[in-house]
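Reviewing the structure listed below.
The values are calculated or read from the model by the stated rules, or taken from the named source; none is laboratory data. All values derive from a computational prediction rather than experimental measurement. No Cβ is skipped: glycine too gets one built from the backbone with ideal geometry, and neighbour counts run over all protein chains shown.
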Amino acid sequence: MSDVRALLVGRHVELGDGPYLERLDVVHAPWEERLRAWLDRLPRWESRRTRAFLRATNALEENVRQHDDDALRTGLAVATRQMHREGFSDRALAPAFALIREASRRALGMRHHDVQLLAGRALLRGRLAEMATGEGKTLAATLAICTAAASGAAVHVVTVNDYLAERDAEQNRPLFTLLGLSAGVVLQDMDVAKRRENYACDITYVSNKELTFDYLKDCIALGEASRTQQHLRELAGGRHGELPILRGLHIAIIDEADSVLIDEASTPLIISETLPDDLDPAIYTQSIALAKALRAGIDYVVGAHRDIWLTLAGKQAIRHATAGYGGLWQSPLWRDEFVQKALSAVHSFQRDQHYIIAEDKVQIVDESTGRVMPDRTWERGLHQMIESKEGCEATGQRRTLAQVTYQRFFGRYLLLCGMTGTAQEVAPEVKRCYDLSVTRIPTHKPSRRQRLVDRICRTSGERWHEVARRATEVAAAGRPVLVGTRSVEASEQLSELLVRDAIAHTVLNARQDKSEAEAVAQASQPGRITVATNMAGRGTDIKLGPEVEQAGGLHVILTEFHESARTDRQLFGRCARQGDPGSIESIVSIDDELFRRFASGAGRWLMRALIQRNRQSHRSLRWWAAYLQGRAERHYRKQRTETMRRDAEWMRALGFVGKTRK
Ligand SMILES: Nc1ncnc2c1ncn2[C@@H]1O[C@H](COP(=O)(O)OP(=O)(O)OP(=O)(O)O)[C@@H](O)[C@H]1O
């Protein structure tokens, strides 16, 4: 462990926040000039150091090219010794980065751009590197990954799903092998022994959920002692019997950091056990029947954020309806609780949007990633209510064995850093909760992404017709089209329309996730229409051929604004990557969830009036959507603060009053 400590000696050399560049993606100039302009805007001392760092790394390039593979490995070991003395200083990083860049050129056929060197350096300084979508974060991260792993630290590369973990590990494996580093991947269906083996590698690619659950499993297995990473590390040394699954929390490099650290951080991760359900299953069916009989606005009120309350009239109606029932129905507290849960199950959680039914089970769909979370359940009887609503067999209620929030878990790493294309809006929260500052990295080439005018339709049905028409029109010009939908249901609705009109297309959603790699590979074919949920959002790399580039590149259609503008930008980021051509447009409907939940009545009325005057593409639409997305972000931020408060209470209840931050 002392190696890791030594490695981090240099961490106190922190940079101040560089000035943010405005709209980096529309600056048109050769990349050297733009990089120079970016450097000029840094504080003078920082600019000098950064230029010196780039100069030193580039100057070594010719030299390292003369060496064979063995010499590259030896060179990295020598650079590592320097790091053990002075931490991740620029002096130590320059030779390490030059060697890794050369190794990458040989093993992967890709040479890191200068801006990628800056991203790698920012990561090792414990920062969040903001690189525009498609700028090559996967490759940029290898600089930090190889440097940290060579110095003896356990490096966890955290991705948002198994598909990306496996893809990135396999893509970079030739580079790791050339440098003599071992790399493992932890996937959902692996057993404990296999997981331990993969965590024992120098580098481990793993999704945020798998990693956190493995940590919780260690906490349960090791009991009280494991609650501090100190003990975890001692145990990893084998002094206390069986080894934990993880070998310690040394360095975490989080890809799509805003998704992991912010979007997914509103609920804690919980490991629970199923209790023998002492509730009569009839209670669930009775509650659902009662809830369906209640009248909206009279017996219950639905809030703007899917919250539901029973009114006095509603409570009385239930009392009358359950007069003949026995047991818990005689308690007003239980009675109201059951029916309120049932109302949520009926009205707030929709099939094919919030969950799907697969193998006769209710399986939650994570909206931000579009993926099924098979092991997750809703808490406090809600899951059982939904099962009853759908006629599935009710699973037992669950009791919490261990829980952790991302805020607490990631705060335990010795060095935490991350990358994303969309950090801007959440920078203050990331700083407050994780002590991570954002460094914005300029693009290598100017962006050629073209944003067409946004349009809004009067009804959802009208929107689907318009989307189908546009997709067909663009595809007919030989360009591939990616249509992004918010739910499984929406993707299937559009697909039905396309089938009816005999238009060839591919669907990628939580129900068809087996063919993900194939669907992504095909999405770049000329004239191919791909209808996808957010599964094709973050991280998906659609590589274009020369024919498609000439036709104008990939066209992306957004069919509904998300509550987070970052998710929209991630979808847009599937096209026009690495300086390719590409275009984006939004075709939405006034019935969409963002407008229903967050817009005022007056706002919706005004927008309808504009649509009626045939001004479907009024420019206030973009402004309005951005304003509502700001409101939605604030709402979810409050939810996350509440999660952190509850987590602190849970820790206090366990009698643990230790620090949760590094
Ligand atoms: N230095 C480089 N030289 C050549 N190609 C590169 C280089 N860096 C990245 N690429 C290519 O650019 C494409 C985009 O890379 P990648 O998917 O890592 O981008 P990203 O920034 O992670 O995107 P997203 O934000 O969507 O996750 C890939 O096809 C990758 O091979």
Taking the range 591-606 and keeping residues more than 13 Å from T459 (Cβ to Cβ) and hydrophobic (A, V, I, L, M, F, W, C) leaves L594, F598, A599, A602, W605, L606
Residue count, the range 563-590, condition out of contact with any strand residue (DSSP E or B) (no Cβ under 9 Å at 6 or more places or on another chain) and away from the ligand (no atom under 16 Å from the Cβ), comes to 1
By my count, strands (runs of 3 or more DSSP E) wholly in the range 128-198 with at least 2 residues that are of a type in the set (G, A, S) and either more than 16 Å from the ligand (Cβ to nearest atom) or more than 25 Å from C575 (Cβ to Cβ) (or both) are 183-186
Note on R432: of the conditions (1) surrounded by fewer than 18 Cβ atoms within 10 Å (Cβ to Cβ); (2) in contact (Cβ under 8 Å) with a residue 24 or more places away in the chain, unmet is (2)
Note: among R432, R412, R408, just one is assigned to a loop (DSSP other than H, G, I, E, B), basic (K, R) and either away from the ligand (no atom under 16 Å from the Cβ) or over 20 Å from E210 (Cβ atoms) (or both), namely R412
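Residues are listed down the side, and each one gets a yes or a no for (1) of a type outside the set (K, R); (2) part of a strand (DSSP E or B); (3) modelled with pLDDT under 90; (4) on the phi > 0 side of the Ramachandran plot:
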position	(1), (2), (3), (4)
A504	yes, no, no, no
V507	yes, yes, no, no
S524	yes, no, no, no
E549	yes, no, yes, no
H555	yes, yes, no, no
E560	yes, no, no, no
R574	no, no, no, no
Q578	yes, no, yes, yes
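One line per residue, one yes/no per condition, for (1) of a type in the set (G, A, S); (2) not assigned by TED's automatic domain parsing to the domain that holds S524:
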{"site": "S583", "(1), (2)": "yes, no"}
{"site": "D591", "(1), (2)": "no, no"}
{"site": "F595", "(1), (2)": "no, no"}
{"site": "R604", "(1), (2)": "no, no"}
{"site": "E642", "(1), (2)": "no, yes"}
{"site": "R645", "(1), (2)": "no, yes"}
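Table: residues versus (1) more than 20 Å from G553 (Cα to Cα); (2) aromatic (F, W, Y); (3) modelled with pLDDT of 90 or more.
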residue	(1), (2), (3)
L497	yes, no, yes
A510	yes, no, no
K514	yes, no, no
E518	no, no, no
A521	no, no, no
Going through the range 526-547 in order, the residues found to be away from the ligand (no atom under 12 Å from the Cβ) and either assigned to a helix (DSSP H, G or I) or on the phi > 0 side of the Ramachandran plot (or both) are G527, N534, M535, P546, E547
Quick count over the range 101-125, residues being in contact (Cβ under 8 Å) with a residue 24 or more places away in the chain, near the ligand (Cβ under 10 Å from one of its atoms) and not in a helix (DSSP H, G or I), is 4
Selection from the range 290-329 of residues basic (K, R) and more than 42 Å from the chain's Cα centre (by Cα) yields R319
Can R380 be described as of a type in the set (K, R), touching a Lys or Arg at 6+ places or on another chain (Cβ under 9 Å) and in the same structural domain as D189 (by TED's automatic domain parsing)? no
Given the conditions (1) over 28 Å from the mean Cα position of the chain (by Cα); (2) charged (D, E, K, R); (3) modelled with pLDDT of 90 or more, every one holds for R81 apart from (3)
Conditions (1) outside any helix (DSSP H, G or I); (2) under 25 Å from I356 (Cβ atoms); (3) among the small types (G, A, S) -> A468 fails only (1)
Note on F598: of the conditions (1) buried (at least 17 other Cβ atoms within 10 Å of the Cβ); (2) modelled with pLDDT of 90 or more, unmet is (2)
* Asked: In the range 78-95, is there at least one residue being outside any loop (DSSP other than H, G, I, E, B), of a type in the set (F, W, Y) and either surrounded by fewer than 17 Cβ atoms within 10 Å (Cβ to Cβ) or assigned by TED's automatic domain parsing to the domain that holds T50 (or both)?
  -> no
Subset of the range 199-215, residues over 23 Å from M535 (Cα atoms) and not in a helix (DSSP H, G or I), comes to A200, C201, D202, I203
If we keep only residues of the range 548-561 that are out of contact with any Pro (no Cβ under 7 Å at 6 or more places or on another chain) and away from the ligand (no atom under 16 Å from the Cβ), then the residue farthest from E425 (Cα to Cα) is Q550
When the range 582-594 is checked residue by residue, the ones that are in contact with a Lys or Arg (Cβ under 7 Å, 6 or more places away or on another chain) and at pLDDT below 90 are I590
Filtering the range 493-518 down to residues that are among the aliphatic types (A, V, I, L, M) and more than 16 Å from the ligand (Cβ to nearest atom) yields L494, L497, L498, V499, A502, I503, A504, V507, A510
Only one of Q493, Q450, Q512 is of a type in the set (S, T, N, Q), surrounded by 15 or more Cβ atoms within 10 Å (Cβ to Cβ) and without any contact (Cβ under 8 Å) to a residue 24 or more places away in the chain, namely Q512
Selection over the range 99-117 where residues are buried (at least 21 other Cβ atoms within 10 Å of the Cβ) and modelled with pLDDT of 95 or more yields a count of 9
So, first residue over 23 Å from M131 (Cα atoms) in the range 539-553, second residue within 14 Å of the ligand (Cβ to nearest atom), Cβ within less than 8 Å, six or more apart or across chains; the pairs are G545/S524; V548/S524; V548/L554; G552/G582
| said: Regarding the range 581-590, can at least one residue be identified that is over 24 Å from Q188 (Cβ atoms), outside any loop (DSSP other than H, G, I, E, B) and acidic (D, E)? | reply: yes
Given the criteria over 17 Å from Q353 (Cα atoms) and charged (D, E, K, R), does R511 qualify? no
